Amino acid sequence: MKTTLLLLFAIIAIGHCQDSTYYLEPKSEETDYDLICNDHNITINFSGLELNSIKENFLSIIKYKPYVYEVRTQTIYPKLKKLFIRNHQNPLIFLANSKTNFPSLTHLHLSYSTVVRDEFNWLPQTLEYLDLSGHNLETLTLTDLRNLKWIYLDNPKAKCLRQVNLKNLISLKYLSLPSNSISEITHETFANVTSLLFLDLSDNGIRYVEGGSFDSMQNLQFLNLSTNNIEIIQGGTFDKLKNLRTLALEKNLISMFPMISNEIKLQMLLLNCNNLKSIVGGTFAKMPYLEKLYLHGNEITYIDQEAFAGLKNLRILTLSDNKLTSLPNNWLLPMINLERLDLSNNYIIDFGHLALSDSSPLQYLYLSNQLEVIRSISLLENVPENVTISLKANDTTIQKCVKEGEKYNPRSRLYG
């Protein structure tokens, strides 16, 4: 009976355990695969799969320098679709002779194999899912893989990847690149990556983003540039991202956020933990769908009366941990759906300087214990009718900005 092998789970391990036998079984993509043992001699048992044959030298191991192993296959596996190779112990290079070795491969997991060589020209056109988490790559080049949809390159320990070159990955939808050492984004970085929906570049060393670098990503919905070293964002950088829903720029060095000239569908904008000094009129005017705006942990001393013009759908606004001493009259009026406002830990000591409006739908107002003066009971007439005011220190649900050397979680989200 002819049987198709859909999943090959190969474990390559070098160590000091006793010899062992591993029984190969069909597994699903979601299964949590565990390393079995680090030993010199390992047997892979294919019983129960009803295979017709396994060709000679289906895998070979070459130790080409101390503690670095090359795993190379010369055999053709015409029906193989999913291949999992993991190794937590030693640097590992997995290679095939050509694209013909795995002509049907759709899923390749080399996670925690500490891949060290940027040599992926053997990957077949059929590949859809590539996991290189835990790699030791300094550069990555992937070109013309027209069916590739998912790429994982998370690397929280080594942080050695400094350059990526992705061209003509026309089906790519999900790209995860956090915790690497990428220092700049240019037009060439993501050339013709037009189908991308999710892009995570957090916790790199990005200092420079060339204007127009994301122009080809008109379908992008999530962009994470948090926890980098970005100081300046050029005008027009996000103008073409008309379908963007979430933009995370928290924990950078940004001193001025550029006005966006084209209307976008942004719903959440994270600009907290930067170096913003002021919010000028019209900054967010092209973001009519914005619901959550995080500006806490900056150096803001001035907010224009028209700073939040156009934000009719805004529900959450954080301005805590800034240097505000007062707010302009009628500044709340454009935000007709605002529910939560955090002004705690500023320099506002006079209740009248909050410039509240009794017509505001505000439900929660956070002020910590900074207020010292309520000049007149008449000022309370401007307080929204159903608002709950908290004067307790640190009575918020936002994550505070951290000092250098402290742990920061770029994936934390605020107010649920």
Handout entry: Among the candidates I389, I336, I300, residue that is farther than 17 Å from L271 by Cβ, modelled with pLDDT of 85 or more and assigned to a loop (DSSP other than H, G, I, E, B)
Key = I336
Exercise for the section: Among residues belonging to the stretch 255-288 that are touching a Lys or Arg at 6+ places or on another chain (Cβ under 9 Å) and among the hydroxyl-bearing types (S, T, Y), point out the one that is surrounded by the most Cβ atoms within 10 Å (Cβ to Cβ). Expected result: S255
Exercise for the section: Inspect the stretch 303-319 for any residue being modelled with pLDDT of 95 or more, of a type in the set (S, T, Y) and open to solvent by less than 20 Å² (accessible area, probe 1.4 Å) and give the result as yes or no. Expected result: yes
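Between N219, N229, N224, which is out of contact with any Phe, Trp or Tyr (no Cβ under 6 Å at 6 or more places or on another chain), surrounded by fewer than 17 Cβ atoms within 10 Å (Cβ to Cβ) and either within 30 Å of E128 (Cβ to Cβ) or among the small types (G, A, S) (or both)?
Working: N229 fails: either within 30 Å of E128 (Cβ to Cβ) or among the small types (G, A, S) (or both); N224 fails: surrounded by fewer than 17 Cβ atoms within 10 Å (Cβ to Cβ).
The conditions single out N219.
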Completion exercise
Of those in the stretch 339-361 that are part of a strand (DSSP E or B) and open to solvent by 10 Å² or more (accessible area, probe 1.4 Å), the residue modelled with the highest pLDDT is R340
Handout entry: Considering residues of the stretch 234-249 that are modelled with pLDDT under 95 and surrounded by fewer than 19 Cβ atoms within 10 Å (Cβ to Cβ) only, the residue farthest from L314 (Cα to Cα)
Key = Q234
Exercise for the section: Taking N252 as the residue in question, decide whether it is surrounded by 20 or more Cβ atoms within 10 Å (Cβ to Cβ), in a loop (DSSP other than H, G, I, E, B) and modelled with pLDDT of 95 or more. Expected result: yes
Problem - Residues of the stretch 168-177 classified as surrounded by fewer than 21 Cβ atoms within 10 Å (Cβ to Cβ) and within 17 Å of the chain's Cα centre (by Cα), total - result: 3
Completion exercise
The condition of being in contact with a Phe, Trp or Tyr (Cβ under 9 Å, 6 or more places away or on another chain), surrounded by fewer than 17 Cβ atoms within 10 Å (Cβ to Cβ), acidic (D, E) and under 21 Å from N229 (Cα atoms) holds, among E184, E188, only for E184
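How many residues are in a loop (DSSP other than H, G, I, E, B) and surrounded by 19 or more Cβ atoms within 10 Å (Cβ to Cβ) if we restrict to the stretch 134-148? Walk me through it before giving the result.
The initial filter retains those residues of the stretch 134-148 that are in a loop (DSSP other than H, G, I, E, B), namely 134-138, 144-148.
From what's left, surrounded by 19 or more Cβ atoms within 10 Å (Cβ to Cβ): 134-137, 145, 148.
Residues flagged as in a loop (DSSP other than H, G, I, E, B) and surrounded by 19 or more Cβ atoms within 10 Å (Cβ to Cβ) within the stretch 134-148 amount to 6.
Give the residues of the stretch 149-182 that are polar (S, T, N, Q), assigned to a strand (DSSP E or B) and closer than 18 Å to F222 by Cβ, sorted by residue number. Lay out the reasoning, then the answer.
Residues of the stretch 149-182 polar (S, T, N, Q): 155, 163, 165, 168, 171, 176, 179-181.
Next, only the ones that are assigned to a strand (DSSP E or B) stay: 163, 165, 176.
S176, the sole residue that qualifies.
So for the stretch 192-215 (the condition being within 24 Å of L317 (Cβ to Cβ), at pLDDT below 95 and either of a type in the set (S, T, N, Q) or assigned to a loop (DSSP other than H, G, I, E, B) (or both)), does at least one residue qualify? Quick ask: steps written out before the conclusion?
Step one: filter the stretch 192-215 for residues within 24 Å of L317 (Cβ to Cβ), giving 202.
Within this subset, residues satisfying the condition of being at pLDDT below 95 are none.
No.
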Practice task
Determine whether the stretch 200-213 contains at least one residue that is farther than 21 Å from N275 by Cβ, buried (at least 16 other Cβ atoms within 10 Å of the Cβ) and over 16 Å from the mean Cα position of the chain (by Cα).
Solution key: yes
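The values are calculated or read from the model by the stated rules, or taken from the named source; none is laboratory data. Everything numeric in this text was worked out from a predicted model, so none of it was measured. Methodologically, a virtual Cβ is constructed for each residue, glycine included, from the backbone with ideal geometry; neighbour enumeration extends over all protein chains shown. These area figures cover heavy atoms from the full protein model, side chains too; ligands, DNA and RNA do not enter into them. Shrake-Rupley method; radii C 1.70, N 1.55, O 1.52, S 1.80 Å.
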